[in-house]
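Accompanying notes for the structure given below.
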Amino acid sequence: MRFRPGTWRPWLEPHGAGHVLDAGKECASGPSGDRLIGRDDLTAIRERAGDDPDGLRDLFVAVMVWGSGTTNGRGLRYTDAALSDVRMRSVLRTTCASVRSGDLSAAYSQFALNGVRRSFFTKWFAAVDDRGCESDRALILDDRVFRSLNALGWSSREAAGTRHWPTRYATYVSTMHGWAGTLGVTADWLEWLLFDLNGQVDADGS
């Protein structure tokens with residue numbers, strides 16, 4: 001994902017997070033100064049962070065940068081709002097522990113930061129999850145993925161048997177891992193496919 005450090009810096013430096021913009025690598029083309037950040041970069045930041053509160057904060061900021069790219073201008077304000085929230089350290093620590101213990105429903109219930117909604121905090125869950133491939137690791141559930149699921153006729157509410165969103169999210173993750181196993185692909189690849197389709201699937205669901 002391409003991002004522009006110069007755009008982000010005024011929003012991050014007041015919080016002491018400007019150094020996160022060194023993540024990734026310089027773009028070979030496009031506007032001078034642009035950088036690229038990908039999932040591998042998030043993994044590297046996570047591995048350096050461990051359980052350190054400052055490291056977790058840096059990972060969260062990197063997730064927000066990655067998720068916003070150059071098209072979501074609201075991501076700047078959302079990130080600033082979250083960094084200004086006095087609950088941040090506690091929320092990141094608590095949800096990190098829940099995700100890594102496999103309790104995704106609890107993590108969903110625990111996440112509450114100003115400016116950050118499901119599309120972004122499930123990105124945080126996916127980035128902070130350091131469990132092995134044998135686990136049903138956290139996945140992103142943003143509007144594009146949700147749109148594709150709906151177009152395929154899959155309802156998280158019906159699958160979970162409740163309107164309770166934390167349970168619906170955990171059901172989504174377990175269902176995606178089940179589908180991925182049947183199809184012989186990884187769950188995060190399947191998540192990417194649904195994101196890319198953005199609801200544009202065949203009428204017969206194929």
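What the table below lists for this structure:
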| quantity | calculated |
| --- | --- |
| Single match in VAL185, VAL145, VAL201 (criterion: among the β-branched types (Val, Ile, Thr) and crowded, with 22+ Cβ neighbours inside 10 Å) | VAL145 |
| Condition met for THR94 (within 20 Å of PHE60 (Cβ to Cβ), at pLDDT 95 or above and out of contact with any Leu (no Cβ under 9 Å at 6 or more places or on another chain)) | yes |
| Residue list for the stretch 148-164, filter: surrounded by fewer than 17 Cβ atoms within 10 Å (Cβ to Cβ) and either assigned to a helix (DSSP H, G or I) or under 18 Å from the mean Cα position of the chain (by Cα) (or both) | ASN150, ARG157, GLU158, ALA159 |
| Exclusive hit being at pLDDT 95 or above, more than 17 Å from ASP54 (Cβ to Cβ) and open to solvent by 20 Å² or more (accessible area, probe 1.4 Å), set ARG89, ARG137 | ARG137 |
| Single condition ALA107 does not satisfy, out of (1) part of a loop (DSSP other than H, G, I, E, B); (2) open to solvent by less than 10 Å² (accessible area, probe 1.4 Å); (3) over 16 Å from GLU191 (Cα atoms) | (1) |
| Qualifying positions in the stretch 70-84 - open to solvent by 10 Å² or more (accessible area, probe 1.4 Å) and either assigned to a helix (DSSP H, G or I) or touching a residue at least 60 places away in the same chain (Cβ under 8 Å) (or both) | THR70, ARG74, LEU76, ARG77, TYR78, ASP80, ALA81, LEU83, SER84 |
| Condition broken by TYR172, with the remaining ones in (1) open to solvent by less than 50 Å² (accessible area, probe 1.4 Å); (2) more than 15 Å from the chain's Cα centre (by Cα); (3) hydroxyl-bearing (Ser, Thr, Tyr) satisfied | (2) |
| Neighbours by Cβ (under 6 Å, 6+ apart or cross-chain): first from the stretch 171-191, of a type in the set (A, V, I, L, M); second open to solvent by 50 Å² or more (accessible area, probe 1.4 Å) and modelled with pLDDT of 95 or more | VAL173/ASP136; ALA180/THR186 |
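The values are calculated or read from the model by the stated rules, or taken from the named source; none is laboratory data. For clarity, every value in this text was computed on a predicted model and none was experimentally measured. Reconstructed Cβ throughout: ideal geometry from the backbone, glycine too, with neighbour counts over all protein chains shown. These area figures cover heavy atoms from the full protein model, side chains too; ligands, DNA and RNA do not enter into them. Shrake-Rupley method; radii C 1.70, N 1.55, O 1.52, S 1.80 Å.
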